[in-house]
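Comments concern the structure below.
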Amino acid sequence: MQQQKTWMIFLANVLWALLPIAVVELFQTYSVFLIFLLRFFFGGAFILVTGIILTLFYKRNHPEINLKILGKYLRSQNPDYRHLHQFGYFAIVGSIGFTIHISFFFFSIKFLGILVTVIGFPISLILVSIFSKETMDMFKGLYLGVLIIAIILIGAGRIQLAEANLQDPTGWLALLLFTVSLTVLMNQMAKDPLQRWETQLVIQTHGVYKILRMLTKIGFIFLIAAAFIFPLTGILLLLPADSLFQQEAVKFYAQLGSLGTLFLTWQGLFLILGATVTCYLLLFAAEAYWPRSALPFDTWSSLLSIVEPAGSVIFGVLIVNEQFPIDYLFIVVFLLSLSILLRYVHETSNKVIAYVALSLVPQREKQVFQDLYHVKGIQSMASVVGDYDLILFIQSSSIVAFNKLVRRKLESHPDVEKVKVFLVEEVLK
Amino acid sequence: MPITAIIFFSLKHGASAQVAQALKKIPEITKISSVTGDFDLIAEAQVEQLEQLHDIFVNKIDTYEGIINTTTAVVLKELLEKS
């Protein structure tokens with residue numbers, strides 16, 4: 001079951017890897033901002049409409065699911081984002097995470113080519129890894145080292161066969177903005193935990209609510225991102241006339257009327273349906289039914305995200321014919337594949353999975369729940385009847401982190417009378 | 001709405017593989033983990049009614065050799081399920 005879902009993540013990344021191949025031809029005619037608008041306006045609309053249709057469809061079997069409930073989610077506050085209104089959170093993720101990230105990703109492809117641009121992915125993974133405060137073991141060190149060597153080889157291979165546009169600082173600035181905004185997106189995208197009333201709904205609807213919630217969230221984020229392209233290009237219009245950013249912004253407004261024509265090209269359709277809608281549907285379906293005992297979805301998703309740059313490097317050389325030494329290509333693909341393996345070993349060798357049963361002071365369950373709700377590592381919490389009062393399912397990055405959690409958050413809690421730890425040795429079913 | 005039960009198993013020495021194999025055949029048991037601590041196995045079961053859970057114990061679990069005792073925690077409410 002998990003294997004099937006892992007393949008879904010893999011397939012989504014392969015489709016994303018094909019994205020530069022589809023857009024690179026369009027850049028010769030259209031502004032990068034117009035291609036961005038095409039992807040996110042139509043992509044967002046398709047995803048949102050899919051969410052609405054599925055809501056109406058599932059309503060027949062699960063009456064608790066309806067458009068009102070999605071409206072309640074949209075009106076709620078994000079507890080992981082200083083209780084900011086969900087639309088405020090969407091606006092931050094949409095503008096920085098998508099408008100800046102993807103438009104400058106396109107910019108970078110246009111001016112530096114696919115191979116140099118994909119360097120941004122491993123750099124972001126390195127930055128995320130460094131800032132994650134995870135334990136640094138031998139495998140994580142090797143993982144980071146392998147990514148760094150792959151980045152150097154891609155750069156060196158391209159510079160050997162350098163083309164004139166590598167000299168232009170505009171492309172490098174775009175690559176920098178793309179990399180930084182991608183790092184921000186990786187850190188912020190998951191900061192939207194299920195709220196208490198939503199947890200009940202997920203259980204009642206066997207995970208269906210999770211998919212609908214994700215479709216609604218990404219649909220609105222995409223539409224907000226599409227809207228943000230107007231202020232962004234508006235600012236770029238203020239730049240000097242000889243600036244490439246300004247020229248692209250001018251071109252964007254001149255070509256706005258061609259959006260319909262662009263939509264009907266095979267590249268436009270692939271960009272919207274193949275490399276956007278399908279990818280997110282695959283990821284959402286995998287995440288909604290992700291088994292609890294395996295590595296968390298986020299970890300697998302991050303682990304396999306290296307497939308995207310690896311695929312883009314291969315497709316960039318083989319399909320777009322970007323100049324790159326073939327021996328370097330083999331080494332880079334090998335190193336990127338090796339990085340997946342090293343990261344997997346790092347994640348699994350240290351990971352601690354455990355059931356923890358708690359006996360509580362009578363009438364204090366609500367308080368304990370509120371105190372533990374945001375504790376990182378607690379994956380699920382169930383109120384039970386029997387010898388215990390609460391049963392937690394915990395995943396920690398290491399035994400040290402796990403012991404800290406048990407000592408500081410559970411054993412020292414004034415309303416927790418007894419803590420019983422059951423470390424999972426092996427998941428048998 | 002399905003009822004979830006978490007069942008803790010204490011087993012005789014060396015009986016873990018045999019009991020786990022038997023438990024795997026029960027369709028209502030959705031997850032089995034071998035654990036350290038006061039118990040040897042933890043299983044999660046999903047049933048539509050408590051009577052079904054009773055039947056599983058009477059007709060299946062209680063008949064398995066190798067089980068010393070069990071403790072069952074019936075989930076009243078799932079308070080958190082992180083996405």
Name the single residue that is nearest to the other protein chains (Cβ to nearest Cβ) among those in region A:368-390 being closer than 12 Å to A:LYS409 by Cβ and in a helix (DSSP H, G or I). A:LEU372
Of all residues in region A:357-367, count the ones that are outside any helix (DSSP H, G or I) and within 10 Å of chain B (Cβ to nearest Cβ). 1
Can you name every residue in region B:24-63 that is hydroxyl-bearing (Ser, Thr, Tyr) and either out of contact with any Leu (no Cβ under 8 Å at 6 or more places or on another chain) or in contact (Cβ under 8 Å) with a residue 60 or more places away in the chain (or both)? B:THR30, B:THR63
Can you find even one residue in region A:158-166 that is closer than 24 Å to A:LEU26 by Cα and either modelled with pLDDT of 90 or more or basic (Lys, Arg) (or both)? yes
Single match in A:SER359, A:SER305, A:SER349, A:SER337 (criterion: crowded, with 20+ Cβ neighbours inside 10 Å and of a type in the set (S, T, N, Q)): A:SER305
Counting only residues that are part of a strand (DSSP E or B) and more than 8 Å from chain A (Cβ to nearest Cβ), region B:9-40 contains a total of 3
I need the helices (runs of 4 or more DSSP H) fully contained in region A:17-91, keeping only those with at least 2 residues that are of a type in the set (Lys, Arg) and more than 19 Å from the chain's Cα centre (by Cα). A:67-75
Pairs, first more than 9 Å from A:SER258 (Cβ to Cβ) in region A:23-35, second of a type in the set (A, V, I, L, M, F, W, C) and surrounded by fewer than 20 Cβ atoms within 10 Å (Cβ to Cβ), C-beta under 7 Å, six or more apart: A:VAL24/A:VAL320
Answer yes or no: is there a residue in region B:30-49 that is closer than 30 Å to A:PHE297 by Cβ, among the acidic types (Asp, Glu) and surrounded by fewer than 16 Cβ atoms within 10 Å (Cβ to Cβ). yes
Subset of region A:267-301 that is outside any helix (DSSP H, G or I) and of a type outside the set (Gly, Ala, Ser) - its residue that is farthest from the other protein chains (Cβ to nearest Cβ): A:LEU295
Filtering region A:391-418 down to residues that are over 26 Å from B:ALA20 (Cβ atoms) and in a strand (DSSP E or B), which residue is nearest to the other protein chains (Cβ to nearest Cβ)? A:LYS418
Scan of region A:220-238 for residues that are surrounded by 14 or more Cβ atoms within 10 Å (Cβ to Cβ) and either over 21 Å from A:PHE40 (Cβ atoms) or hydroxyl-bearing (Ser, Thr, Tyr) (or both), ordered by number: A:THR233
Of all residues making up region B:51-83, the number that are more than 13 Å from the chain's Cα centre (by Cα), of a type in the set (A, V, I, L, M) and within 11 Å of chain A (Cβ to nearest Cβ): 3
Of residues in region A:202-246 being within 30 Å of B:PRO2 (Cβ to Cβ) and assigned to a loop (DSSP other than H, G, I, E, B), the one modelled with the lowest pLDDT: A:HIS206
Looking at region B:65-83, can you tell me whether even one residue there is at pLDDT below 95 and over 23 Å from A:ALA357 (Cα atoms)? yes
Matching residues, region A:109-141, being more than 22 Å from A:GLY157 (Cα to Cα) and assigned to a helix (DSSP H, G or I): A:LEU127, A:VAL128, A:SER129, A:ILE130, A:PHE131, A:MET138, A:PHE139, A:LYS140, A:GLY141
Within region B:62-80, how many residues turn out to be closer than 21 Å to A:VAL384 by Cα, surrounded by 13 or more Cβ atoms within 10 Å (Cβ to Cβ) and of a type outside the set (Lys, Arg)? 10
Within region A:256-263, identify whether any single residue is away from chain B (no Cβ under 14 Å), touching a Phe, Trp or Tyr at 6+ places or on another chain (Cβ under 6 Å) and more than 21 Å from A:PHE98 (Cβ to Cβ), and answer yes or no. no
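The values are calculated or read from the model by the stated rules, or taken from the named source; none is laboratory data. Nothing here was measured: the structure is a model prediction, and the numbers come from that model. In this analysis, Cβ positions are derived from the backbone assuming ideal geometry, glycine residues included, and neighbour counts consider all displayed protein chains.
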